[in-house]
Amino acid sequence: MEKTKRKGAVIFSKYSRGEGIKRLLSISREEVLFELRDSKLKGRGGAGFPTATKWNIVAAAISSQKYIICNADEGEPGTFKDRVLLLEYPELVFDGMVIAGYTIGAKHGIVYLRGEYEYILQSLEDYLAKMRNDNLLGKNILGKEGFDFDISIRLGSGAYVCGEETALIESLEGNRGEARNRPPYPVNTGYMGKPTVVNNVETLASVPHIIVKGGEWFKKYGTDRSTGSKLFSVSGDCGRPGVYELPWGTKISELLDLVGARNTKAVQVGGASGTCIPKSQFDRTLAYEDAATGGSIMIFNESRNMLHVLKNFMEFFVEESCGQCTPCRIGNTKLLEGVEMIEKGEFTFNYINQLKELGRTMQVASKCGLGQSSPNSFISILENFKEEIFNGNGGAHGK
Amino acid sequence: MESKGDLRAPVSQTPLIVEKPKDTSAIGGMVSIEINEKKVAVPLGTTILEACKMNGISIPTLCHHDDLCVAGVCRICVVEVEGMRTLQASCAYPITNPMKIKTSSPMVRRARRHIIDLLLSEHYGECYSCFRNGKCELQNLAKEYGVDSYTFGHVEKPKYEVDKSSYSVVRDMSKCVLCKRCVRTCIDLQEVGVLEAVDRGDNTHIGTFLEKPLADVICINCGQCINRCPTAALRANDPSDEIWAAIDDPTKHVIIQTAPSPRAAIGEEFGLGAGHSMTRELNTALKRIGFDKVFDTNFTADLTIIEEGTELILRLYKALVKKESVALPQFTSCSPGWVKFLEHYYPEYIDNLSSAKSPQQMFGALIKTFYAQRAGIDPANIVSVALMPCSAKKFECNRPEMHDSGYKDVDYGLTTREMARMIKEAGINLPEMPKSNFDNPFGEASGAGLIFGATGGVMEAAIRSVVEFVLGKKTEDIFEKANIIPLRGFEGIKYMEIPIGDKVGPVPELLKHLVPNWDWLKGAVLKIAVAHGTANAKKIMDDIKAGGKFSECHFIEFMACPGGCLGGGGQPIPTTPEIRKKRAEAIYAEDESLELRKSHDNPHVVQIYQEFLTEGPCGHLSHELLHTHYLKRGRYIA
Amino acid sequence: MLVTEKNAMTEEIEQLVEKYGSKRSSLLSILQDIQRKHKYIPDFAQQEVARLLDIHPVEVFSVISFYAFLNTKPKGKNIIRLCQTISCDMQGKSAVAKSIERELGIKFGETSKDNKFTLEYANCVGMCDQGPAMIINERVYYKLTPEKAIEILNGLK
């Protein structure tokens, strides 16, 4: 399997296994929280919630039981950075979980690994065994009295929506992966009703560096509002697809040069649930404040049919919607039908505009992030590529 | 949720689903909010929906139901909360912080219209050809929000086959809006566990285990799902066409018996508020429709009390005096939903079920034997209909063992809703009907039979008789006005002890052939319990299994439906906690207005033992006609 | 199912419940183990799992039907899941799909007559940089070409 294409200065900077855990022997949980807050680390799954705030709430909660869950249900089309992290750098992820456990007061960490990655499971289990052997997990970790923490790995079974944190918790509890009503949030009422931190693999992998090197160091990279670096999963029409670590704030055009993309027409930033960015906007930067992404970068060159791309995305959502709430369950079906109408040339512009309006309702009225973001591609592709889709060669002609 | 002992963190960090404070005047007990720019204060933890309701602002709902836990799936109740990017489902959002809410902003109105549009696009069929026309929550919403065309198209073919396999419940999933009320009813409220969401994405639908037809799964036919379905996706299996055909057939003698609960609720179908008893108006209406005779099910309810009470006495006598092994506590058997629940989930306890049939089935057996003889009618030409608040009664009358008269004892079970429709079809406005009495030879019955309709009623009726049989005293001397208050009300499980004391009365004539005297009951304490809703029944059964307090009871009344029969699956929609309360009030008020309030005082009951069931209660003939047996069904499906 | 088969199944599930615990939260792990071994979760197994976890059979069925990798109907010994999402699609998924269909003589969604192969599509399997990709049982195969795919299948026959 291919290795990481570009190792940047943050996540892939030098780190020896257990280093972050050893650091805990000399610093308090308050100090960990301080560094984390100072680093301004935000969730790497895409939503960008400040990690320190999440940890803080759970750390302050008084409960007999708390949990740290590593969300390794990486299912967003075009994302594969977690696979690389788990295969090549498990020490970062697991050390991050131990640090989280120490800080929030959890004795138990759970990795929710997507079913598609079952082939990674054994190597992870082996690595955990090694950690237990070296007393990096278990009771009185590294001899520190009362520092108990262990990690178990649970598998998903092929459901994209379980990447949504409350659906993930439902799945862990043995239910259908249907998102919960919020509030309450997992930090208050999470797994088994207990305060729970759910963090993305990459978020956790950033933590050991911050603990060892400091928040100040982390902030040196990236932009003011998007600190540190980001792993980008690059696929599609380019010479060198793969995982790239780049500082936040990198321009899309810079990234395209780096990965050897030519004749690029469009970049889908953030996967199927993200936005499709046309050539005219390639000077936009990859950052929470501009083109935000959980890491998925899909590149389409001039030869690609954007309607076909959109159809593929909508088919994905129709299948992967959990089906519980009306806007998402039926809305995605309607958007897909709309794409098919355009494909056949049997549509009215009035109806397509109504579907865009419907998409805007889905963005605000769906129960969870899936339905709230699934219309993004529909809206952005039809908006940004209307020339090609409605007038161009092979394009459809409405009535 | 945390256990309470854990909640010592600062308020900002406690779980946001909060128990409402008992004392809202305490600091933090109330939260100030703004709804549509009007400032109000609501108790901490109130949902946005409740807060709006309290302040006279109506918010549309579909998946929400007062009886059920929150789902938050239909999204029709979304509102705008200042500072939040997305709309919030008001039914699911507990207020813990000051907030500004807009319930009718352009974004909210657009979302609601879209949601209705989407639901309509997948909702098969047309309103005019639907039995819920005019009573459909989706239709009402479309009307309210001005959705008068199919913006996003409309399905042309049904996606699912209609499941008509069950005698009781018909499922048409092509009309389902996936509100999951039925799922929450079946799993959470009733703990029967037949319906759940199956598949996902656009294939999501409500299904049964292995997609089996309803008749083949462990459905108890309670019909509570029907009562909560907002559309026509669930309905009772309606026999009214067959009944019309019988009425129109001059060779058929069509008899209807009416149970107390439909009489207390049918007015709701004619625009009256809940709690108007229509007993005598209904008698007239049924005659005008063309029923040849109208009998009062309360008569056989009285008979049930005698038979079931006698059975209890015999069981106790065998256990205490003859030291035989008998199954105790005795369970009531008048609720066919409960009976099937027990047969599936606790088959090892079927011997505890009273062998006495339900009043419906007792009447069925008597109509085609005793009545047929008296009236000189060939029972083959009798069509026996039962007006019941219940969908499970349809299943019950189709149980193969219910042929003790030599014919199918009861031909059709008809629900309150179906009856109301037949009356309307006949052009009759029920509330305007003059009053008339029930037909002889069964005539009027007692208030004891009447209160069978409410949870605790069977037990109260039984106690009114047992107390007089054993103690030789008037019930009124022990319980004021013969109202046994501890057995009333909607608490899930009720428990009562009745000490017999040292003084017993003489054995009444009716029972003399069975027990010599009551001395063996001296000093005993009669322990009884009442449960309604199968979830509560389950609690008692699990306690009995574990050898707990209820295993020491002598007699337990179980009703499958919340509230008892008055909340039955055949009753008018909606049925809510408030409506159940009013129906119960109507039933108890009618009972108190009657002269005759104890089953054993019913002269027709006395007469039938003198003239027909001459071997007395639990005698040979009554065993043949009035008692039955049960099946160990278990929970496995082949 | 024969009585002996039922007994064996009950014993197997009892062991799984022992291993994972009888709480509802063990449900997915138990189902995954049954799926891995039998390639589907038989009707009787669903009812036994329900009994031992004290939940309703329809709840078990409902959960299975939700997850793409759990099945209630028998599947082939090798379950092939070819990624159909856009990155793999652009890298030649269709050609690979056709060659597999031709080789096995079945369409997507079907199981071969000898019960050796079930062919399905999967949504993004996370090999977008090395597509087209497929997962057979627990293993992932990537950078597929029509020829390479057939070679892999031959290795499994």
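The values are calculated or read from the model by the stated rules, or taken from the named source; none is laboratory data. Bear in mind that the values here come from a model prediction, so they are computed numbers and not experimental data. Positions of Cβ are generated from backbone atoms using ideal geometry, with glycine treated the same way; all protein chains shown enter the neighbour counts.
Yes or no: region C:84-95 includes at least one residue that is within 30 Å of residue B:188 (Cα to Cα) and surrounded by fewer than 19 Cβ atoms within 10 Å (Cβ to Cβ). So far as region C:84-95 goes, no, none of its residues is within 30 Å of residue B:188 (Cα to Cα) and surrounded by fewer than 19 Cβ atoms within 10 Å (Cβ to Cβ).
Exactly one of (1) within 14 Å of chain B (Cβ to nearest Cβ); (2) in a strand (DSSP E or B) is unmet by residue A:332. Its number? The number of the failed condition is (2). Identification of strands (runs of 3 or more DSSP E) wholly contained in region C:85-154 with 3 or more residues that are of a type outside the set (D, E, K, R) and more than 7 Å from chain A (Cβ to nearest Cβ) yields C:117-122. Screening the candidates A:73, A:95 for the property of being acidic (Asp, Glu) and out of contact with any Pro (no Cβ under 8 Å at 6 or more places or on another chain) yields one hit, A:73.
Being surrounded by 22 or more Cβ atoms within 10 Å (Cβ to Cβ) and not in a loop (DSSP other than H, G, I, E, B) is the filter here, so list the residues in region B:614-631 that pass it. Spell out the reasoning first.
Initial filter on region B:614-631 (surrounded by 22 or more Cβ atoms within 10 Å (Cβ to Cβ)): B:617-618, B:622, B:625-626, B:628.
Selection gives B:622, B:625, B:626.
Assess whether residue A:165 counts as being of a type in the set (Asp, Glu), closer than 30 Å to residue A:324 by Cβ and away from chain C (no Cβ under 14 Å). The answer is yes for residue A:165. Of all residues in region A:15-41, those that are at pLDDT 95 or above and of a type in the set (Val, Ile, Thr) have Cβ atoms under 8 Å from Cβ atoms of residues that are assigned to a loop (DSSP other than H, G, I, E, B) and crowded, with 19+ Cβ neighbours inside 10 Å, 6 or more apart or on another chain, in A:21/A:136; A:32/A:24. Among the numbered conditions (1) more than 14 Å from chain C (Cβ to nearest Cβ); (2) assigned to a loop (DSSP other than H, G, I, E, B); (3) buried (at least 24 other Cβ atoms within 10 Å of the Cβ), the only one that residue A:96 does not meet is (2). Of all residues in region A:201-216, none satisfies being assigned to a loop (DSSP other than H, G, I, E, B), hydrophobic (A, V, I, L, M, F, W, C) and outside the structural domain of residue A:295 (by TED's automatic domain parsing). Filtering region A:295-322 to residues that are on the phi > 0 side of the Ramachandran plot and free of Cβ contacts under 8 Å to residues at least 12 places away in the same chain leaves nothing. Given the structure, is residue C:49 within 13 Å of another protein chain (Cβ to nearest Cβ) and at pLDDT 95 or above? Yes.
Look through region A:99-112, keep the residues that are outside any strand (DSSP E or B) and without any contact (Cβ under 8 Å) to a residue 60 or more places away in the chain, and return whichever of them is nearest to the other protein chains (Cβ to nearest Cβ). Give the steps one after another, and end with the answer.
Just the residues of region A:99-112 that are outside any strand (DSSP E or B), to begin with: A:99-107.
This time we only want the ones that are without any contact (Cβ under 8 Å) to a residue 60 or more places away in the chain, so: A:101, A:107.
Numbers: A:101: 18, A:107: 15 Å.
Among those that are outside any strand (DSSP E or B) and without any contact (Cβ under 8 Å) to a residue 60 or more places away in the chain, it is A:107.
Examine region B:171-179 for a residue that is under 17 Å from residue B:569 (Cβ atoms), away from chain C (no Cβ under 13 Å) and not in a loop (DSSP other than H, G, I, E, B), and state whether such a residue exists. Yes; the residues of region B:171-179 include at least one that is under 17 Å from residue B:569 (Cβ atoms), away from chain C (no Cβ under 13 Å) and not in a loop (DSSP other than H, G, I, E, B). The single condition from (1) within 14 Å of chain B (Cβ to nearest Cβ); (2) farther than 17 Å from residue B:635 by Cα that residue C:57 fails is (2).
Among the residues of region A:254-300, write down those that are of a type in the set (Gly, Ala, Ser), part of a strand (DSSP E or B) and within 14 Å of chain C (Cβ to nearest Cβ).
Applying the first criterion (of a type in the set (Gly, Ala, Ser)) to region A:254-300 yields A:260-261, A:266, A:270-274, A:280, A:287, A:291-292, A:294-296.
Then keep just the ones that are part of a strand (DSSP E or B); that gives A:266, A:291, A:296.
Residues satisfying the conditions are A:266, A:296.
Considering region B:87-115 alone, what residues qualify as being among the polar types (S, T, N, Q) and over 27 Å from residue B:183 (Cα atoms)? Outline the logic, then answer.
Within region B:87-115, the subset among the polar types (S, T, N, Q) is B:88, B:90, B:96-97, B:103-105.
Answer for region B:87-115, where residues must be among the polar types (S, T, N, Q) and over 27 Å from residue B:183 (Cα atoms): B:96, B:97, B:103, B:104, B:105.
Would you please name the residue that is surrounded by the most Cβ atoms within 10 Å (Cβ to Cβ), looking only at residues in region A:74-89 that are more than 8 Å from every other protein chain (Cβ to nearest Cβ) and assigned to a helix (DSSP H, G or I)? Result: A:81.
If you check C:79, C:41, C:64 for being in a loop (DSSP other than H, G, I, E, B) and either modelled with pLDDT under 95 or in contact with a Ser or Thr (Cβ under 7 Å, 6 or more places away or on another chain) (or both), only one passes: C:41. Among the residues of region B:80-124, count how many are over 31 Å from the mean Cα position of the chain (by Cα), farther than 21 Å from residue B:139 by Cα and of a type in the set (A, V, I, L, M, F, W, C). Of the residues in that region, 7 qualify.
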